[in-house]
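Undergrad: Below are the structure tokens for one structure; questions will follow.
The values are calculated or read from the model by the stated rules, or taken from the named source; none is laboratory data. Keep in mind the model is a prediction, meaning the values are calculated, not measured. Quick reminder, even Gly has a Cβ in these numbers, built from the backbone with ideal geometry, and neighbours come from all protein chains shown.
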Amino acid sequence: MIRLFVGIPIAPPLRQLLSSLGETIPGARAVPEDQIHLTLRFIGEVDPPTFADIKDSLEGLEAGPLTLSIKGTGHFPPRGQPRVLWAGIDPAGDVIILRNRVNNRLSLCGIKPEQRKFHPHVTLARLKQVPPKRVAAFLAANALLHSPPFSVDHLCLYSSTLHPKGALHRIEAVYPLSGP
């Protein structure tokens, strides 16, 4: 079985900034710089034939390049004990449209759409028993976070292998965004 997701890679200078932000909160486990990305669709574990079908179906994705920015920070879940710190994406609507197109291609392989509401973000850190005051201080200090615009001209199909210190991601296929 292969654990998969579809995502947008983030350029190295911005990855470095985002990873360093995740390191600023004591008790948090920052996402390593080389693992920073924007997940469009977590697929989960699939067998090798489904993996091949997914790779082929995403070849037919019609979507044009995007210009995005990082904007603001937050946490999941929005209520209760925070478990994930994130940086937001602007404009979120463009990313949601791209995600819907990815979902349409995946449905051709029998992959059902997720039922959770999609909130475009980049995960900065995972939290375990971090006091709410620390989370609140982080959010206040980074509320106005805003990156310069960056171009997105491709998305990737990643495999993800779980390890005790976190997941390791590997690019399995790259899909240019050059369509309408």
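Undergrad: Only one of (1) touching a Cys at 6+ places or on another chain (Cβ under 7 Å); (2) part of a loop (DSSP other than H, G, I, E, B); (3) not acidic (D, E) fails for I171. Which number is that?
TA: Unmet for I171, out of (1) touching a Cys at 6+ places or on another chain (Cβ under 7 Å); (2) part of a loop (DSSP other than H, G, I, E, B); (3) not acidic (D, E): (2).
Undergrad: Condition check: more than 19 Å from the chain's Cα centre (by Cα) and within 26 Å of I43 (Cα to Cα). Does G110 satisfy that?
TA: When the stated conditions are applied, G110 passes them.
Undergrad: If I filter region 133-177 down to residues being basic (K, R) and modelled with pLDDT under 95, which single residue comes out as nearest to R29 (Cα to Cα)?
TA: Once the filter is applied, the top-ranked residue is K165.
Undergrad: Can you tell me which residue is surrounded by the fewest Cβ atoms within 10 Å (Cβ to Cβ) among those in region 34-64 that are of a type in the set (A, V, I, L, M) and farther than 18 Å from P113 by Cα?
TA: Looking at residues that are of a type in the set (A, V, I, L, M) and farther than 18 Å from P113 by Cα, I get A52.
Undergrad: For V130, work out the one condition from (1) at pLDDT 95 or above; (2) surrounded by 14 or more Cβ atoms within 10 Å (Cβ to Cβ) it doesn't fulfil.
TA: Among (1) at pLDDT 95 or above; (2) surrounded by 14 or more Cβ atoms within 10 Å (Cβ to Cβ), V130 violates only (1).
Undergrad: Can you tell me which residues in region 58-91 are among the aliphatic types (A, V, I, L, M) and within 13 Å of the chain's Cα centre (by Cα)?
TA: Filtering region 58-91 for residues among the aliphatic types (A, V, I, L, M) gives 58, 61, 63, 66, 68, 70, 84-85, 87, 89.
Across region 58-91, the qualifying residues are I70, V84, L85, A87, I89.
Undergrad: While we're on this one: Please work out which residue is nearest to I8 (Cα to Cα), limiting yourself to region 71-116 and to residues that are crowded, with 16+ Cβ neighbours inside 10 Å and touching a His at 6+ places or on another chain (Cβ under 7 Å).
TA: It comes out as I89.
Undergrad: What tally of residues in region 12-54 results from selecting those that are under 18 Å from G88 (Cα atoms), under 13 Å from the mean Cα position of the chain (by Cα) and among the hydrophobic types (A, V, I, L, M, F, W, C)?
TA: Final tally of qualifying residues: 6.
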